[in-house]
Structure formats: structure tokens, C-alpha cells
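Heads up, the thing below is written out as C-alpha cells.
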Amino acid sequence: MTDYDVYLFRQGKHSRLYEKLGAHIMLQDGAEGTHFAVWAPNASSVSVVGDFNGWAPSSTLLFEHDDGSGLWEGFVPGVGEGSFYKYYVSSKFGGYTAEKTDPFAFLCETPPRTASVVHGVRFEWHDEKWSKDRGRLNSLDSPLAVYECHLGSWRRVPEDGNRAPSYAETARYLPGYLEEMGYTHVEFLPVMEHPFYGSWG
């Protein structure tokens, strides 16, 4: 994270934090690995634990920024795509410690497991038609019918253990359902991972 990133973060104006916080696969000084960064303002220490270090709390420490931002980061060579990890956080208060899922993870284990997974972002948008029409479709004088959707419980795949569909599977079914039912917009309940889907996030 650059000084400018930290400045924007502290102002509450950093609009691309997903590019800085979390786990990012990269090359550093000729070594392949993963850069980890997390905000933990009340921590006395933060380390990365995972399948790459035997989940040992003291083996992979992150470094705290000395600017009071509460940001911690570090590069771990040899950690790549598919590695499981969490942050091991020691609090400044009361000796409290806990393993925490990465709030900026691009992939998480399927509940009830709760580890984050190192995962590169590989997505290409193909929304040119929607982008071209959105001004007309979202104008104040167009009809509006909003469907509120919780992706974790909206639909099931009974032939595969009654699991929730993936985002890609949902993308095949949800738009047609919304159109058939006469909805113009969809509002998603929180889509970040959380440990209990019954809470709806």
C-alpha cells in the first residue's frame, strides 16, 4: 500500500480497497507468492496462518504501518492459488486472540468451514448492452419493481446435496425469473461470506 492509499483509506475515500486489502498473488523480488493486507486497528500483532505453515500463529507475522492507520501487511513467498488461510489476531486488550476470516477474500470455503482461499481475480465484464441502456431503464419516470434476494437461500440444487447454486449458476436462472415475474431491479442482501446463512448476513 502506498502512502496515497493509506491517505485515502484514512479519509474513508478509497474506492478500490479490494485491490489493496486481502490476498493478492504477485511476484516480489523475483519470488512468486501472496501479499496479505488487513485492517486491524486494535491488534498488537497479526499473522497469517494457513495450510502453508501448519496454521502456526507465530510463523508468518505481518508488519504494522507506523502511521496509526491500523493496517497490517506482508508478502509470503511460495503461497499461491488455492492456499487456505486466516488472520491470527492478538488484541491489545485482555490478551484476546482469534483466527479471523479475511473480509476482503475473493474466495472462502463452503460453510461450515470458514477459511479464506487465495484466489486470483479473473473476470471479464460483458455488459456493454446493459451499460448502454441503463440511463433509460433507470430513469425516474420508468417503472420500478424491486426484488430483494438472498443468494444463500434463493434456490437449491437438489441433485447435488441440496446446496445453494454458485454465482454462475444463479446468473443463468435469476434474470429470467425476474423478467417473468415483472421485476425491473434486484437488490441483493449482503453477498460477502458469513458463517451462518440463516442470519441472511
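Restricting attention to the range 70-106, report how many residues are under 12 Å from A43 (Cβ atoms) and hydroxyl-bearing (S, T, Y). Give the derivation first.
Filtering the range 70-106 down to residues under 12 Å from A43 (Cβ atoms) leaves 70-72, 87-93, 96-98, 100.
Those still in the list that are hydroxyl-bearing (S, T, Y) too: 87-88, 90-91, 96-97.
Summing the residues that are under 12 Å from A43 (Cβ atoms) and hydroxyl-bearing (S, T, Y) in the range 70-106 gives 6.
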(1) more than 24 Å from E19 (Cβ to Cβ); (2) over 18 Å from the mean Cα position of the chain (by Cα) all hold for R113 apart from (2)
Among the residues that make up the range 14-28, is at least one of them at pLDDT 95 or above, closer than 17 Å to T101 by Cα and touching a Pro at 6+ places or on another chain (Cβ under 6 Å)?
no
Can you name every residue in the range 40-77 that is on the phi < 0 side of the Ramachandran plot, of a type in the set (F, W, Y) and surrounded by fewer than 17 Cβ atoms within 10 Å (Cβ to Cβ)?
F63
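Within the range 143-155, track down each residue that is closer than 17 Å to S199 by Cα and not hydrophobic (A, V, I, L, M, F, W, C). Explain how you work it out, then say what you get.
Looking only at the range 143-155, we keep the residues that are closer than 17 Å to S199 by Cα, and these are 148-155.
Those that are closer than 17 Å to S199 by Cα and not hydrophobic (A, V, I, L, M, F, W, C): E148, H150, G152, S153, R155.
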Selection from the range 1-39 of residues that are crowded, with 17+ Cβ neighbours inside 10 Å and either in a loop (DSSP other than H, G, I, E, B) or among the charged types (D, E, K, R) (or both):
M1, D5, H14, K20, L21
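Within the range 106-126, restricting attention to residues that are touching a helix residue (DSSP H, G or I) at 6+ places or on another chain (Cβ under 9 Å), surrounded by 10 or more Cβ atoms within 10 Å (Cβ to Cβ) and over 22 Å from N162 (Cα atoms), which residue is modelled with the lowest pLDDT? If you could, list the steps in order and put the result at the bottom.
At the first step, the residues of the range 106-126 found to be touching a helix residue (DSSP H, G or I) at 6+ places or on another chain (Cβ under 9 Å) are 106, 111, 121, 125.
The next check asks that each one be surrounded by 10 or more Cβ atoms within 10 Å (Cβ to Cβ); those that pass are 106, 111, 121.
Going one step further and asking which of them are over 22 Å from N162 (Cα atoms), we end up with 106, 121.
Details: F106: 92, V121: 81.
Ranking the qualifying residues of the range 106-126, first place goes to V121.
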Filter the range 41-80 for residues that are out of contact with any strand residue (DSSP E or B) (no Cβ under 6 Å at 6 or more places or on another chain), of a type outside the set (G, A, S) and modelled with pLDDT of 95 or more and give the result.
P41, F52, N53
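The values are calculated or read from the model by the stated rules, or taken from the named source; none is laboratory data. On a predicted model such as this, the values are computed, not experimentally measured, just so you know. In this analysis, Cβ positions are derived from the backbone assuming ideal geometry, glycine residues included, and neighbour counts consider all displayed protein chains.
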